[in-house]
Amino acid sequence: MDHSGHGMTMDLPPFTLGRGLEFSPDLFFLIGCLVALGLYGWGVARLRRRGDAWPVSRTVLFTLGVLTVALVTCTRLNDYGMVMFSVHMVQHMVISMVSPILLLLGAPVTLALRALPVAGRGSLGPRELLLKLLHSRYMKIITHPVFTIGIFIASLYGLYFTPLFDTLMSSTPGHIAMMVHFLAVGVVFFWPIMGVDPGPHRPGYVMRMLELFAGMPFHAFFGIAMMMASQPMVKVYENPPASLGIDALADQNAAGGIAWAFSEIPSVLVLIALVYQWYHSEQRQAVRKDRQADRDGDKELAEYNAYLASLQARR
């Protein structure tokens, strides 16, 4: 059966990187990526016309984030991911751990708050609705570490170790819903940790690092469990097409290795970003303290001069 809607997946030739990167768009994700880039570009252009600056690095990072989503959903990787566990795992890891980090470093929420026009008094526009959502109880719940770490772990074990995965893979809407879920879980998990955009849960840098590393051992263990399994764990990939020339168990072992490796790589990237943010935050605080000390010193000097002047006047 062709689940992806991109052609006969049963007749796919053996996988190579060149074949995997061939353009094979999924309309849902293609339109979504184009809309995301269009809206972000509109926001940047609006700020520029107003004379406000927006860091080029953020635009580049957001664009890369959207392109990574397109890479795993609008190429033949999406077709091979329907019949090869290892390719599917690449899709899963990229869209849940690489794409969210890049998208969040692009600060789309901050851009929206700065670019969207303020509605008239007493009315609710897009900007006001966004602010309402950011301060809602719902957002406080889904950005709390208990929820973010829990859903991050449950998305692995609850999906692959139950029949839910097979159910979702049996239809195009199910497959799309699963990929959207991976992206959403990644964004929710990394949003409080990255700390670029405003949000209800904004812990200190040490707590962010603890949140980052709290979920990673479970991620690594998931990959190791798949690598050590003596039989295929997911029905969908039990009998790969003969045209691929692969062994189901060997492919599953490769998928486990990919999951294990991806628990390390994004962690290092996020850690570097956190240390960089922490350093610049400390620098800004030091500058603020110096300015305050200068103002206090100037105030004390002025008071002392006034005191001398009053003594002179008495004489």
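The values are calculated or read from the model by the stated rules, or taken from the named source; none is laboratory data. From a predicted model like this one, the values you see are computed outputs, not experimental measurements. Virtual Cβ from ideal backbone geometry, glycine too; neighbours counted across all protein chains shown. Heads up: the accessible areas ignore ligands, DNA and RNA and are worked out on the full protein's heavy atoms, side chains in. Shrake-Rupley method; radii C 1.70, N 1.55, O 1.52, S 1.80 Å.
Assorted remarks:
- Residues of segment 24-55 that are part of a loop (DSSP other than H, G, I, E, B) and either in contact with a strand residue (DSSP E or B) (Cβ under 7 Å, 6 or more places away or on another chain) or within 30 Å of Arg76 (Cα to Cα) (or both): Ser24, Pro25, Asp26.
- Odd one out for Asp197, checked against (1) open to solvent by less than 20 Å² (accessible area, probe 1.4 Å); (2) in a helix (DSSP H, G or I); (3) of a type in the set (Asp, Glu): (2)
- Counted as qualifying within segment 71-179 are the helices (runs of 4 or more DSSP H) with 3 or more residues that are over 21 Å from the mean Cα position of the chain (by Cα) and either under 22 Å from Asn253 (Cβ atoms) or modelled with pLDDT of 85 or more (or both), namely 76-80, 126-134, 164-169.
- Restricting attention to segment 231-265 and to residues that are among the charged types (D, E, K, R) and touching a residue at least 12 places away in the same chain (Cβ under 8 Å), the residue that is farthest from Phe165 (Cα to Cα) turns out to be Glu264.
- Every test in (1) surrounded by 13 or more Cβ atoms within 10 Å (Cβ to Cβ); (2) closer than 20 Å to Gly215 by Cα is passed by His88 save one, and that test is (2).
- Qualifying residue in segment 48-69 (condition: buried (at least 21 other Cβ atoms within 10 Å of the Cβ), in contact (Cβ under 8 Å) with a residue 60 or more places away in the chain and under 17 Å from Leu183 (Cα atoms)): yes
- Subset of segment 236-260 (residues that are open to solvent by less than 40 Å² (accessible area, probe 1.4 Å) and out of contact with any helix residue (DSSP H, G or I) (no Cβ under 7 Å at 6 or more places or on another chain)): Leu244
- Criterion applied to Met209, Met233 was being surrounded by 16 or more Cβ atoms within 10 Å (Cβ to Cβ) and assigned to a helix (DSSP H, G or I), and the one residue passing it is Met209.
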